[in-house]
Structures are given as structure tokens and as C-alpha cells.
Amino acid sequence: MARVILSAVAGLAAALLSFSVIYVRGDLGGVMTVLRARSAARRLAESGAGAAEVEAARANVLALAERFVAPELATRLVPLELLIGLGVAVFMWWFFERRSAQVQQEGRPDIHERMVLRLAHRMGGRFTLTDLSERSPLSAPQAQATTDRMLERGQLRREGEAFRLA
């Protein structure tokens, strides 16, 4: 479920970001110029300037903005922007799957040990093999092998059926 949510959020964010970049034609300097002019117009209005002055400042902000924005281009390229978002979502899906597969492999004991340590910290430093199997992606044999290694190195202590961080 987390993989679906992460992929969807990343894809939608990428689509929105690509829409925004195309909307302003990639001109971040222009955006900053408009924001500074808008701020100056707001300060002018707050300072009690005349209505004509404030209206002229606001008209200047609109004129600056119209120089570099391209709403027609951005709406015409919505399919491209959605395709970019889909590409990012697929990449995130693949990346998440790849990382999950690495965790499941026996060749990465350091990742397994980090999982054990995180679980132990969440549970106040004390946990059982059942807790580890239920609350982490480790299988029962992986959990047993990892705790055995950590016991040998002195990272854990056995307290009956439970383990405690050393």
C-alpha cells in the first residue's frame, strides 16, 4: 500500500511541477521579479498611498507577469506533463520494489540489523522474535539469523524469550 501511495504522490507532484515550469516557460527569474513587484505593490497599499498609485503598481505587476507566462502552452501540453508524472510514478514503483527486494535478500545483513535496531528503539529497547517477525519485513528465519549475529557481537542481550539492546 505504501508503494502505491508513494508512487501516486510522486507522479502527481512531478506532473504539477512540470505544468508549473511550462506555465512560466522555465523563467524562475521572471517569477521572482513578479513576486518582488507584488510585494512592493502590497507595501505601497499598506503605506496609505493613493488609489491611483496602488492601481498603477498592480497594473505593473500584471504587465510583468504577462511577459513570461504561457497558460495556453501549459494547458496544451497537459498530456506531456501527465506523461512525465506517469514516468516518475513508474520509476518510484520500480525503485521501491528494488529496495524491497534488497531487504528480502540474505546478502544484506546490515539492513536486517538496522531493522532490528529500529524496532527495538520503537519498543523501548525490548522485543521478541514474534514482534520482529510481525512488525518488520523480516521473515522468521531472517529474524532468527539476525538476532543470533547481534547476540554474538554483543549488540543484544537475551532476557528469557525476549531480547534487549545492550
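The values are calculated or read from the model by the stated rules, or taken from the named source; none is laboratory data. Note that the structure is a prediction, hence the values are computed from the model and not measured. We place every Cβ from the backbone using ideal geometry, glycine too, and count neighbours over all the protein chains shown.
Among the helices (runs of 4 or more DSSP H) confined to the range 28-112, the ones with at least 1 residues that are of a type in the set (Lys, Arg) and more than 29 Å from the chain's Cα centre (by Cα) are located at 28-46, 51-68.
For the criterion of being within 30 Å of Leu12 (Cα to Cα) and of a type outside the set (Gly, Ala, Ser), Pro71 passes.
Looking only at residues that are under 16 Å from Glu161 (Cβ atoms), of a type in the set (A, V, I, L, M) and surrounded by fewer than 17 Cβ atoms within 10 Å (Cβ to Cβ) in the range 124-150, which one is modelled with the lowest pLDDT? Of everything passing the filter in the range 124-150, Ala140 is modelled with the lowest pLDDT. Residues in the range 1-27 that are buried (at least 16 other Cβ atoms within 10 Å of the Cβ) and assigned to a helix (DSSP H, G or I): Ser7, Ala10, Gly11, Ala14, Ala15, Ser18, Phe19, Ile22, Tyr23. Against the definition (closer than 21 Å to Arg99 by Cβ, among the β-branched types (Val, Ile, Thr) and touching a residue at least 12 places away in the same chain (Cβ under 8 Å)), how does Thr128 come out, yes or no? Against the criterion (closer than 21 Å to Arg99 by Cβ, among the β-branched types (Val, Ile, Thr) and touching a residue at least 12 places away in the same chain (Cβ under 8 Å)), Thr128 does not qualify.
Could you please let me know if Pro79 is in contact with a Phe, Trp or Tyr (Cβ under 8 Å, 6 or more places away or on another chain), loosely packed, with under 13 Cβ neighbours inside 10 Å, modelled with pLDDT of 90 or more and over 21 Å from Met1 (Cβ atoms)? So Pro79 does not fit the description; no.
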